Amino acid sequence: MMLLLIALAHSRMLHAGGNAFTEPAGGTALDVAVQWLLTSFVDARSAPLFGLLFGYGLVQMTRRRSGPGGDPAAARRLIRRRGAWLVVFGAAHVVLLYGGDVIGAYGMFSLLLAGAVAWSGRRLWTIAAVTLAVGVVLSVLLQIAAGMGSSLAVGPTLLDSALLRAMALPLLPVAALSVAPSALIGIWAGQARILEQPDLYRPLLRRVVLIGFPVSVLGAQPVALQAAGVWTPGTAGADALAGAVFSATGIAGGLAFAAAIALVATRIGDRRGPVTNALVACGRRSMTFYIAQSPVWLVATEPSLLNLGGQLGAAAAAGVSAATWAVTVVIAGLLGRTGRRGPAEALLRRLTYGPPKRPLEPAGPQAGPRA
């Protein structure tokens, strides 16, 4: 479901609002309503869900490597090695397909904060709060420096566009800082096994849903109302404050989405039909199908190809995004039936762990002495 939210967040590349959250895309009443809904519930709210699940996964990987008889230091080295390859994957993704990649940011987080998997809960929450505050300030400053521009990073040719996207790579440490708060909270949740044992944490999950969604949606309104064209800040300070509140409250939405999905999964239990199985298969191959969305954005937005960037209404753009996600779920379901890993996951696993070790062949029977 996270990948659906990400696809919907990417739909803004296809409507007139573009990269600026506050830019009204106009169109019909349906278009305005869709843009308001996506700005209120999805934009800057889906990425924290990704970060939480990433941090949770780091704990699971560490637990497998440093369980009884394991080596925690070796687990941290493994996290850093995997993180280095994620940076490579992310850089390639940016240059070849899509400038808004998050894979590289999580790789950089792994390189810089591999030891966070062993931190105490208090330390995780403290550093999460500090990085959230710093990240919000940097986000507002970057928006001001960019002039809140809504233009896409595209050039007249595919090569020109690739070079423009590559110019964002030096900002990778800043991107890692922006994903740190949700990833650190994900590590805390992983240490407590909250998503693995949702029945034990049902009251907590309910509180997160009941508090997280209102905080997230209300915090989005200073920006969402601008996107809907019904409010304009009177000063630059009010505009910056609106952006800061929008960024700071996004993490509440990500946590609420995670809690809601955990509660739904608890209700489903083992009663899995074909749709649920396909969603599970897509989630287990999330990196593959995150990257698989990018060729659609490339073909749709490149001036030398379809050149649809900024040309669709918000509702049509959301429809294209949802359809893209649905196709990836169908493909994932087919892969899940065969038991095959996603190509990206298989390659990352091989690069991180090395080639699978072949089992030793049993020794043949020893020849006895001749009579």
- [ ] Return yes or no: is L78 of a type in the set (A, V, I, L, M) and touching a Leu at 6+ places or on another chain (Cβ under 9 Å)?
- [x] no
Task: Output for segment 93-112, where each listed residue is crowded, with 22+ Cβ neighbours inside 10 Å, over 28 Å from L159 (Cβ atoms) and of a type outside the set (S, T, N, Q) - done: F109
Open item on the list: Quick check on segment 118-157: of everything there that is under 18 Å from G237 (Cβ atoms) and not in a helix (DSSP H, G or I), which residue is modelled with the highest pLDDT?
Closed with: A146
Task: Residue check for V42: over 16 Å from the mean Cα position of the chain (by Cα), under 30 Å from L225 (Cα atoms) and crowded, with 20+ Cβ neighbours inside 10 Å - done: no
Task: Near pairs, Cβ below 6 angstrom, 6+ apart or cross-chain, from segment 69-96 (within 15 Å of T352 (Cα to Cα)) to any residue that is of a type in the set (S, T, Y) and not in a helix (DSSP H, G or I) - done: A75/S66
Task: Matching residues, segment 48-66, being modelled with pLDDT under 90 and either surrounded by 20 or more Cβ atoms within 10 Å (Cβ to Cβ) or within 28 Å of T22 (Cβ to Cβ) (or both) - done: T62
- [ ] Answer yes or no: is there a residue in segment 195-208 that is modelled with pLDDT under 95, more than 20 Å from F50 (Cα to Cα), among the aliphatic types (A, V, I, L, M) and surrounded by fewer than 17 Cβ atoms within 10 Å (Cβ to Cβ).
- [x] yes
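A quick yes/no check of all residues on (1) surrounded by fewer than 22 Cβ atoms within 10 Å (Cβ to Cβ); (2) in contact with an Asp or Glu (Cβ under 6 Å, 6 or more places away or on another chain); (3) at positive phi; (4) among the acidic types (D, E):
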{"site": "M2", "(1), (2), (3), (4)": "yes, no, no, no"}
{"site": "R12", "(1), (2), (3), (4)": "no, no, no, no"}
{"site": "V32", "(1), (2), (3), (4)": "yes, no, no, no"}
{"site": "D71", "(1), (2), (3), (4)": "yes, no, no, yes"}
- [ ] Give, as residue ranges, the helices (runs of 4 or more DSSP H) completely inside segment 273-362 that count at least 1 residues that are more than 29 Å from A20 (Cα to Cα) and not basic (K, R).
- [x] 274-284, 314-338, 343-353
Open item on the list: From the list G342, G309, G319, exactly one residue is more than 30 Å from A84 (Cβ to Cβ) and touching a residue at least 24 places away in the same chain (Cβ under 8 Å). Which is it?
Closed with: G309
Task: Scope segment 237-248; condition crowded, with 23+ Cβ neighbours inside 10 Å and among the aliphatic types (A, V, I, L, M); matching residues - done: A242
- [ ] Inspect segment 253-266 for any residue being within 30 Å of P156 (Cα to Cα), at pLDDT 95 or above and in contact with a helix residue (DSSP H, G or I) (Cβ under 7 Å, 6 or more places away or on another chain) and give the result as yes or no.
- [x] no
TODO: Hey, could you check segment 249-272 for residues that are assigned to a helix (DSSP H, G or I) and without any contact (Cβ under 8 Å) to a residue 12 or more places away in the chain and say which is surrounded by the fewest Cβ atoms within 10 Å (Cβ to Cβ)?
DONE: R267
Task: Residue count, segment 7-33 (criterion: under 22 Å from the mean Cα position of the chain (by Cα) and modelled with pLDDT of 95 or more) - done: 2
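The values are calculated or read from the model by the stated rules, or taken from the named source; none is laboratory data. Source: prediction; values computed, not measured. Virtual Cβ from ideal backbone geometry, glycine too; neighbours counted across all protein chains shown.
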